[in-house]
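Participant: Here it is: the structure, laid out below.
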Amino acid sequence: MVNFIYGRTGSGKSEYIFENAAKTCGKHIFVLVPDRAAVLAETRFATSPNAGDIDVVTFRRLCNFVFRRYGGICENYISRGAKKVMMHNTVRALSDFLSSYKDVSAGDTSATEKLLSMRTELARSCASPARLELAAQKSDGEAAKKFADMALLFTAFDAEVGARFSDPDGMIAKMNTLLAANDFFRGCDVYIDSFASFSGEQLETVKQIIKGADNVYITLPFVPREDAHTPCFFGVNDTRTRLLAAVNDTGAQISEETVLLDGRRFENEELSFLSRNLFPGNANVKAVFEKEPEHIHALYAANAFAESEAVCLDIARRVRGGARYRDLSVIVRDTGSYAGIIDAVMKKYGIPYFISSRTDIAQRAFIKFLLCALAVCERGFGRELVISYIKTDFAGISPDEINLFENYVRKWNITGARFYDEYEWNMDPEGFRGEMSEQSANTLLLLSDIRKRAIKPLRAFCEDISGKHSVRYFCEKLYNFAVSMGAPEKIDADARAAAERGEKALSLELSQLFSVFCDVLDALVSASVEAEVNAAEFTSLFRLVLSETDIGKIPTSLDEVTVYDASAGGYGEFEVAYIMGACEGAFPASVADDGLFSDKEKEMLASSGIEITSTVERRICDELYYFYCAACAPSKELYITYPIYDRSGKKEIPRAYKHYADVSEDA
């Protein structure tokens, strides 16, 4: 029996299934949730009287459960960085047989990234390269060439990966095969909660759950009879249509649907009203909240810095009044757009915070040090390259020595071989004048020592990697160079210093950094063939893996403000939310074609059984849905803020703010 539970955000769907599961006795229960909802669900179900019979799982955890029972847990899974290298190598190896992608250069990584993303999406849609070949045969013109190229590339790529690794993109498909052959869910009840969409392979898992479980409960965050034709819920309604088709395929019965209309999350009628009417089902009817709103506020500021100041001042005011930091949250469309702004202002006011994002490893000084060293070896000892290298703080010289060295080489226009040749530097540090002073002579001695410590190891490294070598050789030399420059010890010292300053999150990141670097080298070695490359080609491969490598962060305190990325969702429970950057093209964000397939080409693929759901129309509707979920996240109070001017000084248009035209503005 399949039970659908409908209700807009905050209507109590998760609480409904918790109460229902808690009343179930004598059965094993699985609760399937998205990754970001897992911790909250585990916390909630841990208090259930039958907690020992309940397993909270994500799709990945469910794979683990199934593989432990039926086999497949011990696999050599390839990392995404290694997959990028293998896709890059595949494109280069087959370039003579391609049409649309024959001109991809060795240094062009953007095409590799797009191809790998499309391969992942096709795998999640259960679409094989053979279907792409069929689509190529049915099409003509440039589309046919593109489909044929992809069919060839993905066939070769799958064969290359399959010969040495297991692909994580095939993990759920492998689980589905095992579920189809076994009665894993027999005698169980399964609750599927907090999803707004499913990939093709995830939908197949849901089918297997419906076939095997006694009862299946599925929540969807909308009310079909009211929201089916609302753009905001276009994606959710499409998910419902696909789920109903899946139920029909299994022959299972659907019980009478449950519709939750009350806003159980909200502690005042304003937020409950907002949840029901922010994007009404009937576009011609505008609901009006007749009272003066007291718990929904609109703020504007001159720019993002002033906007962050206003938010942080209000947070500080509330905490002084007895609020807890964990009951206050900031939501932005893209945490990267406020990086270096909101976090800096929170530090200024002593507000503990956690930014729900992942750190780009390439932005860390140690990785910049390695990239600068490789750039010098690749392009020569240009003055600006060398200065960038020594400024990374990993070249073995102090900040004062860096300033002295930079001033000298700029004053005397030192570049190229003059950095490392056998001739001593004897030009007066003070410039052209008469006899050199004793102080200048001593400065020259210090400069000679700096030159020896900073440039000599770099020169030796460049000589080691000149010419063509295997990727393994380059990785060994890069690792040895990092160790010889004392990088592990310096990173550890930086991590300890950050901890002493109270920057726990930074300390945790730095403590992982060298280990993550070693993982990058491992990925390069495992993914690369024995063909030889030069320094430029190795640098491209190194950057390719770095682009898929980041450092995960976890909250470092029980009481801190969380800054959420709206597209990731997974909001916790909090009382007050500050939605920042509610401007035209920012939140909801503007949407453009993803660049690989046009919407027309996606329609051509659909006629061959390949469903690519990320159309421009779907992504526009998703942006509205992200904003809706953010606005309905708090239980007590909502602030919507926007800057009047962007960073370039251009005036912003508060598009999302138009839905709050009756709410008074505060500067």
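Participant: Please compute the net charge surrounding residue 185, taking Lys and Arg as +1 and Asp and Glu as -1 over other residues with Cβ under 12 Å from its Cβ.
Facilitator: Values: positive: 27, 69, 186, 207, 211; negative: 55, 183, 189, 214.
With Lys, Arg at +1 and Asp, Glu at -1, the net is +1.
Participant: Quote the charge dipole size of the range 214-292 about the Cα centre in Debye, to the nearest 20; the model charges only the Cβ of Lys and Arg (+1) and of Asp and Glu (-1). If you can, show how the numbers build up before the last one.
Facilitator: Details: 8 positive and 13 negative charges, 42 e Å.
Using Cβ point charges on Lys, Arg, Asp and Glu, the range 214-292 gives about 200 debye.
Participant: Considering only protein heavy atoms and a probe of 1.4 Å, how much of the accessible area of the range 291-393 is carbon and sulfur, as a whole percent?
Facilitator: Working: 2250 of 4430 Å².
C and S fraction of accessible area: 51 percent.
Participant: In deg cm²/dmol, rounded to 500, what helix-only [θ] at 222 nm does the chain give when every DSSP H run of at least 4 residues adds -39500 (n - 2.57) and the total is split over its residues?
Facilitator: -15500 deg cm²/dmol
Participant: If you average the alpha carbon positions of the range 558-600 and of the range 196-253, how far apart do those two centres end up, in angstrom?
Facilitator: A separation of 24 Å, based on Cα centres.
Participant: Once you charge only the Cβ atoms, +1 for Lys and Arg and -1 for Asp and Glu, what is the size of the charge dipole of the range 484-572 about its Cα centre, to the nearest 20 debye? Please report the intermediate quantities before stating the final value.
Facilitator: On the way: 6 positive and 16 negative charges, 44 e Å.
Dipole size: approximately 220 debye.
Participant: By average Cβ neighbour count within 10 Å, what is the ranking of 439-446, 483-490, 469-476, 610-617 from highest down?
Facilitator: Descending packing order for the listed peptides: 469-476, 610-617, 483-490, 439-446.
Participant: Tell me the net charge near residue 371. Cut-off is 13 Å between Cβ atoms, residue 371 excluded, with +1 for each Lys or Arg and -1 for each Asp or Glu.
Facilitator: Values: positive: 364, 368, 379, 391, 543; negative: 360, 378.
Result for the local shell: +3.
Participant: While we're looking at this one, here's another question. So, counting K/R as plus one and D/E as minus one, what does the shell of residues with Cβ under 11 Å around residue 392 add up to? Walk me through the intermediate numbers first.
Facilitator: On the way: positive: 364, 368, 391, 490; negative: 393.
Residues close to residue 392 contribute a combined charge of +3.
Participant: Turning to a different aspect of this structure: Return the label of the correct value of volume of the Cα convex hull per residue in Å³, as calculated from the structure shown, out of [x] 200; [y] 274; [z] 145.
Facilitator: Given [x] 200; [y] 274; [z] 145, the calculated one carries the label [x].
Participant: Quick one: putting +1 on the C-beta of Lys and Arg, -1 on the C-beta of Asp and Glu, what dipole do you get for the chain around its Cα centre, in Debye to the nearest 20? Display every interim value, and only then the final one.
Facilitator: On the way: 77 positive and 97 negative charges, 111 e Å.
Approximately 540 debye in magnitude.
Participant: With the full set of protein chains in place, find how many percent of the accessible area of the range 1-65 is carbon and sulfur; take the probe as 1.4 Å. It would help to have the intermediate numbers written out before the result.
Facilitator: Working: 1440 of 2670 Å².
C and S atoms contribute 54 percent here.
Participant: Counting only heavy atoms of the protein chains, get the accessible area per residue of the chain (1.4 Å probe) and round it to a whole Å² value. Could the numbers behind the result be given before it?
Facilitator: On the way: 30740 Å² over 667 residues.
Value returned for the chain: 46 Å² of accessible area per residue.
Participant: Distance cut-off 31 Å, Cα to Cα: go down the list 114/211; 347/456; 13/207; 286/347; 146/211 and report the pairs above it.
Facilitator: Details: 114/211 36 Å; 347/456 40 Å; 13/207 21 Å; 286/347 42 Å; 146/211 38 Å.
With Cα atoms farther than 31 Å apart: 114/211; 347/456; 286/347; 146/211.
Participant: Rank by packing, highest mean first: peptides 570-581, 333-344, 288-299, 318-329, with packing defined as the count of other Cβ atoms within 10 Å averaged across residues. Don't jump to the answer; show the numbers that get you there.
Facilitator: Numbers: 570-581: 21.7, 333-344: 17.9, 288-299: 14.2, 318-329: 16.2.
Those peptides, ordered most packed to least, come out 570-581, 333-344, 318-329, 288-299.
Participant: How much of the DSSP bridge set in the chain is antiparallel, in percent, rounded to the nearest 5? List each step's numbers first, then the result.
Facilitator: Values: 5 of 52 bridges.
Here the antiparallel bridges make up roughly 10 percent for the chain.
The values are calculated or read from the model by the stated rules, or taken from the named source; none is laboratory data. Remember, predicted model here, so these are calculated numbers, not experimental data. So basically every Cβ, Gly included, is an ideal-geometry build from the backbone, and we count neighbours across all protein chains shown. These accessible areas exclude ligands, DNA and RNA; they are computed on the full protein's heavy atoms, side chains included. Shrake-Rupley method; radii C 1.70, N 1.55, O 1.52, S 1.80 Å.
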